[in-house]
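Student: Quick one: the structure is below, and I'll ask about it shortly.
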Amino acid sequence: MLDFDALLMNASTVIASWAPRVFGAMAVVVIGLLVARWVKRLTQRGLERGGVDEMLIPFLSGLAHALLAVVVVMAAVNTLGVPTTSFVAILGAAGLAVALAFQDTLGNFSAGVMLLTFRPFDLADFVTIGGESGTVMSLGIFSTVLATPDNVEIRIPNSRVFGQTIRNFSANETRRIDLVMGVGYDDDLGLAIRTCIDVVSADPRVLEDPELVVAVHELADSSVNLVVRPWVASSDYWTTRWDLTRALKENLEAAGCSIPFPQRDVHLHQTS
């Protein structure tokens, strides 16, 4: 028969010996995580006041928080009475297993470090990464956040960002606008070219250097296509492109040039 009195006595002894350790470990975890969160905010403010690059601030503060969380866990284990050296050995073995299981996560972390090192883009740059276009909002430990022009948030794992072709439209101060204007085969090409030059040159946002290019590009099926290539500041690209497209269309028509649309000649042959 079971001796319930002995079992209760043993259970009481175990609880009495382990209860302080358990509550102490829980207190260490709770207080430690609160302190880690406070240190993260403090680190963030310190980096901001120190003039550290905006892309590094969330990365470094997040890294500090993660390291402190590891220290808190080790302190809690030590409070339970588990030898730290044994725990470190167990942690190392577990870390190897976790590393194998979370290869993608570790790849995202290492890719984030590489992105911060080589800096292919900065915050507020407009980029295209792997077919996704948007403004860079943040670069975290594991992912990069973009905001599309219609304000949709896109999170891309850092391993995909670093492993893809990155097109940065904000990296250079100037950009070239490429416009194609079609005129009819019966139109005066000299008049059409002079009209395009006058319209584009009159826009104060168009830069004088590099020089504007207006030339006959190709003899298409239904039109003679002219290329119009002015240079503008990167910040003026879209507004200037939209304004010039409308102005060129209206002024070419006012000058007597036609804006042809695709057409096809059909010849009918009568047979007996």
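Student: Of the residues that sit in segment 252-272 and are farther than 12 Å from V183 by Cα and not hydrophobic (A, V, I, L, M, F, W, C), which one is surrounded by the most Cβ atoms within 10 Å (Cβ to Cβ)?
Tutor: Q263
Student: Tell me the helices (runs of 4 or more DSSP H) entirely within segment 16-127 that contain at least 2 residues that are loosely packed, with under 14 Cβ neighbours inside 10 Å and modelled with pLDDT of 70 or more.
Tutor: Helices (runs of 4 or more DSSP H) meeting the threshold: 56-79, 103-118.
Student: Can you name the condition, by its number, that L8 falls short on among (1) open to solvent by 70 Å² or more (accessible area, probe 1.4 Å); (2) within 30 Å of Q164 (Cβ to Cβ); (3) modelled with pLDDT under 70?
Tutor: Result: L8 fails condition (2) only.
Student: Please identify the pairs in which a residue from segment 129-142 that is touching a residue at least 40 places away in the same chain (Cβ under 8 Å) has its Cβ atom under 6 Å from the Cβ atom of a residue that is among the charged types (D, E, K, R), counting only partners at least 6 apart or on another chain.
Tutor: none
Student: Within segment 231-241, is there a residue that is touching a helix residue (DSSP H, G or I) at 6+ places or on another chain (Cβ under 7 Å) and more than 18 Å from N172 (Cβ to Cβ)? Don't jump to the end; show me each part of the working.
Tutor: Quick first cut of segment 231-241, residues touching a helix residue (DSSP H, G or I) at 6+ places or on another chain (Cβ under 7 Å) only: 232.
With more than 18 Å from N172 (Cβ to Cβ) added as a condition, the list becomes none.
No, that holds for no residue.
The values are calculated or read from the model by the stated rules, or taken from the named source; none is laboratory data. Keep in mind that this is a model prediction, so the values were computed, not measured. FYI the Cβ positions are ideal-geometry reconstructions off the backbone, even for glycines, and counts take in every protein chain you see. The accessibility values were calculated without ligands, DNA or RNA, using every heavy atom of the protein model including side chains. Shrake-Rupley method; radii C 1.70, N 1.55, O 1.52, S 1.80 Å.
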